[in-house]
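The values are calculated or read from the model by the stated rules, or taken from the named source; none is laboratory data. Quick caveat, the model's predicted, so the values are computed rather than measured. Here the Cβ positions follow ideal geometry from the backbone for every residue, glycine too, while neighbour counts run over all protein chains shown.
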Amino acid sequence: MERKTTLVLIAMAWLSVVFTGCGNQETENGASETESIGNASEESGEVPLPQTGLLYETAEDGHIDFEALKAENPDIFAWLYVPGTDIDYPVLQSPVSDDFYKTHTADGKEGADGALYTEMPNMMNMCDFNTVIHGRDDEEGSLFGDLHLFENPDFFTEHEKFYLYLPDNVLTYEIFAAYYDEGSDILRRFDYTTYEGCDSYLKQLYGLREMGKNQREGWDDLTPYHFLVTLDGSTAEDKQYVVCGALIGDAAGNINRVILEWDE
């Protein structure tokens, strides 16, 4: 009971920093400043113009045109950017089927490459305890193929963050773990709407002694009051490679949720 009270006090102090929720209102947007891409011809001497949409959009220019993206596919609700990798893609959620974007590309057309997607149990406002973003990583060129770069301890150490763009926000996550997980559904292992369920997941994560697991120092005190994103590959039926991040930046201060606690 004492532990529970302490955690509640910690959470109240944390939430008092920002009325709306999950941490810092000020954040770096994480996107490097590069030249805008365009299809203007070099031979014409014209200055390249920014492009929008699924073909040319990129987070490297620090701006995502969600109006243009949603005109192409209204299922797009976020954009994921992982510096140091080629992961710079839209994130979708189908209202029809959780597996829809496993076999459909971001433009909604059938395609073996699929798209990056979340399932309907996850809210699209990123306020869940653990949002799982799925993508193929089973061959070279797969959307999440570069997740495996984090198997290298040096790469893991040097690349600390990834970013999620929303229509009205930019969220910054620090990567605290990368490892091979069992093949079962992460999203349905525990009841993440309760303190007990979230705590059970964290105990499993920290208790895993997977060979090759990379874990960042300073992240031994995660609690159910944090906000996590798990980037989930589909390595094989009996295992999956995951890269886990914890929210450290909430530019708009919109991230918040209610956690149900159990009685002891």
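May I ask you to say which residue of F144, F156 is surrounded by fewer than 21 Cβ atoms within 10 Å (Cβ to Cβ), touching a residue at least 24 places away in the same chain (Cβ under 8 Å) and among the aromatic types (F, W, Y)?
Result: F156 is the single residue among F144, F156 that is surrounded by fewer than 21 Cβ atoms within 10 Å (Cβ to Cβ), touching a residue at least 24 places away in the same chain (Cβ under 8 Å) and among the aromatic types (F, W, Y).
Can you spot a residue in segment 220-238 that is under 25 Å from I87 (Cα atoms), touching a residue at least 12 places away in the same chain (Cβ under 8 Å), in contact with a strand residue (DSSP E or B) (Cβ under 6 Å, 6 or more places away or on another chain) and surrounded by fewer than 18 Cβ atoms within 10 Å (Cβ to Cβ)?
Within segment 220-238, not a single residue is under 25 Å from I87 (Cα atoms), touching a residue at least 12 places away in the same chain (Cβ under 8 Å), in contact with a strand residue (DSSP E or B) (Cβ under 6 Å, 6 or more places away or on another chain) and surrounded by fewer than 18 Cβ atoms within 10 Å (Cβ to Cβ).
Working only within segment 159-169, note down all residues that are crowded, with 22+ Cβ neighbours inside 10 Å and either touching a Gly at 6+ places or on another chain (Cβ under 7 Å) or more than 26 Å from A252 (Cα to Cα) (or both).
Selection gives F162, Y163.
Name the single residue that is surrounded by the most Cβ atoms within 10 Å (Cβ to Cβ) among those in segment 239-256 being polar (S, T, N, Q) and not in a strand (DSSP E or B).
Checked segment 239-256; the qualifying residue surrounded by the most Cβ atoms within 10 Å (Cβ to Cβ) is N254.
If I ask for residues that are out of contact with any Leu (no Cβ under 7 Å at 6 or more places or on another chain) and either surrounded by fewer than 18 Cβ atoms within 10 Å (Cβ to Cβ) or not polar (S, T, N, Q) (or both), which ones from segment 115-133 would you list?
If the condition is that a residue be out of contact with any Leu (no Cβ under 7 Å at 6 or more places or on another chain) and either surrounded by fewer than 18 Cβ atoms within 10 Å (Cβ to Cβ) or not polar (S, T, N, Q) (or both), then M120, M123, M124, N125, C127, D128 are the ones that fit.
Could you please find all residues in segment 193-218 being within 25 Å of N254 (Cβ to Cβ) and either in a helix (DSSP H, G or I) or modelled with pLDDT of 95 or more (or both)?
Y195, G197, C198, D199, Y201, L202
Of the residues T131, T223, which single one is of a type in the set (V, I, T), part of a loop (DSSP other than H, G, I, E, B) and on the phi < 0 side of the Ramachandran plot?
T223
Could you go through segment 181-189 and let me know if any residue there is buried (at least 20 other Cβ atoms within 10 Å of the Cβ), in a strand (DSSP E or B) and in contact (Cβ under 8 Å) with a residue 40 or more places away in the chain.
Checked against the condition, which is being buried (at least 20 other Cβ atoms within 10 Å of the Cβ), in a strand (DSSP E or B) and in contact (Cβ under 8 Å) with a residue 40 or more places away in the chain, segment 181-189 yields at least one hit.
Taking the condition without any contact (Cβ under 8 Å) to a residue 60 or more places away in the chain and of a type outside the set (A, V, I, L, M), does E151 pass?
So E151 fails the test.
Consider G207 carefully, then state whether it is within 25 Å of T157 (Cα to Cα), without any contact (Cβ under 8 Å) to a residue 40 or more places away in the chain and either in contact with a strand residue (DSSP E or B) (Cβ under 6 Å, 6 or more places away or on another chain) or among the small types (G, A, S) (or both).
So G207 fits the description; yes.
Contact list please: Cβ distance under 7 Å, first residue in segment 93-112 and without any contact (Cβ under 8 Å) to a residue 40 or more places away in the chain and under 17 Å from T131 (Cα atoms), second residue assigned to a helix (DSSP H, G or I) and not polar (S, T, N, Q), pairs at least six apart or on different chains.
Note: pairs meeting the criteria are S94/F100; S94/Y101.
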